[in-house]
Amino acid sequence: MAGIKRKREGEAEWSEVGSDLLECVMRRLCFVDILRMKRACRWWFSVGESYTSSPSYRPCFQTPWLLIPPPEEEEEDDDKGDRKSNISLCFFNLDEKKAYRDVCLCREVYEGRCVGSSHGWLFLLDKTANLSLFNPFSGARIQVEGSLKVDRSEEEEELFDVDSYTADGTKYKKYKGGRAFILKAILMMSDIGKKKINKDKDGVVLIYRGGEKLAFCMFNDGRFMDLDGAHESYNDVICYGNLVCAISQLYGSVEVWDLSTTGSSPSPTKVMDIYSCLPLKKAREFLKSTGEVCCSYHFYLMESCGELLYVVRIVSEFVDVDVHENGKDNQSNKASLYKTLMFYVFRVDLHHKILVEMKSLGDQVLFLGGNNSISLRVDDCPGCIKDSIYFTDSYWERADEDDSYGGHDMGYYNFKDRCVKPFYDTPHRYKMKPTPFWVLLNPW
C-alpha cells in the first residue's frame, strides 16, 4: 500500500531489543555512551534508568567534567543586547580534550544562576530567589522548599526577606546576580557512597547574604537554620562527616559545627574555632619574593583521604593581557584582569587545632572553584596530572564587574613545577558566562 513503509525481512526493530541484551551492552560502555543510548528511544531510556539505578551498577571513576558556555561563534544577542546561547551548554572532558554538546540537559542553567555544584547536582537560583537542584545528565530536579527567614527579630525580617534579594543583586552591590543572595550551596549527604539523594536524611548547606551568613536545611524539614558564626564573610563550606566546616575570607580562620542528629533532625553545635597565621604568612612570603604588590587571597576546604585540607589561592588583581571582545581589540581592559598565581595547601589537625603545611599532594588531584571542593586519586582521573590543583574562577566580586572578562581564571597548578598552566584553550576570550563549574558524573 502506498505511503506505508514495511519492515524488510530480517531487519532489526531496535525498540524491541530485550532488556538483558541492552544491559549487557551498557556494562561495556563508558558514562557518556550510556547517556547516548538512553536517548535513542523510550524503551532504551527505561532500560538505562533501571540499569543505572540497580545495585549492580558500578560506574567507573571518571574525571569531573567542566561545565562551560559554548564557543563565541555559537552565541547570539537577545532582545536586550545580552549574549545568550542558541544551543545547550557544553561539558568539557579533560581526558579526551573534547567538548560534549549532545549528552547534557543544560539549558536550565540559563534560566537562573548556578550557585553550586555538589555530587553531580547543580544548585540553580532563579530570578525570584527560589533554589533548586538540577541533574544535568538525568534532567531530575529537586526544589529546595526552605526559607531563610528564620529565627529573626521583627526588625531583622525586612533586611533578610528572601523576596528582597532578587537575582539582580539589589541589596548587595558587592556581588551581582544571585551571588548577592546565595554565594555557595552544597549538599549534605548521609551516605556519599550511594550518590542518590535521600530526602529523609540529606539536606543543603549554604553561604548567603553575600557571604556573611551560613545556614542549613534538611529536605524533610523545609526550614533553614542559621549557623551562628564568629566571623563574617565566608569563602567556603564543606561537610566533613557529621561536621560542617567553614572558612573565613577575612582571617582565613576555620569554624566547625557538629550536626549530629538529635531526634528527627540535626541540632547544630559550635565545637571549635581554628586560628593560624601560617597561611597568610606563607602568602606574604610569596608576594615578597615575586614583587607582586596587589593580590587577594581565597580560601577553600575539602576532604582528602579522610583528612581535612585547607587551600590558599593567591590571585593577582592586575595582569596585562590582550582582551578581544567579539573579534575586536578592547584596549581599556588590558590591565584589569585578575589571574591565579600560586597555591598553598595545609592539613587541618582538628585534635590539636593547628594547620600543617603540605609540600605535596602525593597521588591526589584537587578540583576547586564554585563547586563542592573535591579530592580524587590520579588513577581515577584520566587526563589529569598528579600532585595538582585544577581550578575554576570563583572570584565573584570581580567576575561580573565587566562585560569583557570574568569566569576566565582557570587552569591547574602543579606542586612539582610550582606554576599555573592552562587546561582549556580560550585564546583571547576572557568572558565565560555562565562561569565554568566542575561537575561529577552522576546519572541519578
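The values are calculated or read from the model by the stated rules, or taken from the named source; none is laboratory data. All figures in this text were calculated on a predicted structure; none of them were measured in a lab. Here Cβ is always computed from backbone atoms with ideal geometry, including for glycine, and neighbour counts include all displayed protein chains. With ligands, DNA and RNA removed, areas are computed over all heavy atoms of the protein, side chains included. Shrake-Rupley method; radii C 1.70, N 1.55, O 1.52, S 1.80 Å.
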Practice problem: Taking TYR338 as the residue in question, decide whether it is at pLDDT below 95, over 23 Å from ILE207 (Cα atoms) and in contact with a helix residue (DSSP H, G or I) (Cβ under 7 Å, 6 or more places away or on another chain). | Solution: yes
Quiz item: Listed residues LYS359, LYS386, LYS353, LYS421; which is of a type in the set (Lys, Arg), in contact with a helix residue (DSSP H, G or I) (Cβ under 6 Å, 6 or more places away or on another chain) and over 26 Å from PHE123 (Cα atoms)?
Solution: LYS386
Quiz item: Is at least one residue of the stretch 333-340 of a type outside the set (S, T, N, Q), in contact (Cβ under 8 Å) with a residue 24 or more places away in the chain and not in a strand (DSSP E or B)?
Solution: no
Practice problem: Restrict the check to the stretch 85-93 and report whether at least one residue is surrounded by fewer than 15 Cβ atoms within 10 Å (Cβ to Cβ) and either closer than 24 Å to TRP121 by Cα or at pLDDT below 75 (or both). | Solution: yes
Quiz item: Out of (1) under 19 Å from HIS351 (Cβ atoms); (2) under 20 Å from the mean Cα position of the chain (by Cα); (3) open to solvent by less than 50 Å² (accessible area, probe 1.4 Å), what's the single condition that is false for MET272?
Solution: (2)
Quiz item: Among the candidates ILE197, ILE238, ILE247, which residue alone is at pLDDT 75 or above, assigned to a strand (DSSP E or B), under 20 Å from LEU124 (Cα atoms) and of a type in the set (Val, Ile, Thr)?
Solution: ILE238
Quiz item: Identify, please: which residue in the stretch 408-431 is closer than 16 Å to TRP65 by Cα and in contact with a strand residue (DSSP E or B) (Cβ under 7 Å, 6 or more places away or on another chain) and is, among those, modelled with the lowest pLDDT?
Solution: TYR424
Quiz item: Hey, any hits in the stretch 217-230 for a residue that's without any contact (Cβ under 8 Å) to a residue 60 or more places away in the chain, within 18 Å of ASP273 (Cα to Cα), hydrophobic (A, V, I, L, M, F, W, C) and outside any loop (DSSP other than H, G, I, E, B)?
Solution: no
Quiz item: What's the number of the condition ASP258 fails, among (1) open to solvent by 30 Å² or more (accessible area, probe 1.4 Å); (2) modelled with pLDDT of 90 or more; (3) touching a helix residue (DSSP H, G or I) at 6+ places or on another chain (Cβ under 8 Å)?
Solution: (3)
Quiz item: Name the residues in the stretch 281-319 that are at pLDDT below 90 and of a type in the set (A, V, I, L, M), would you?
Solution: VAL293, VAL319
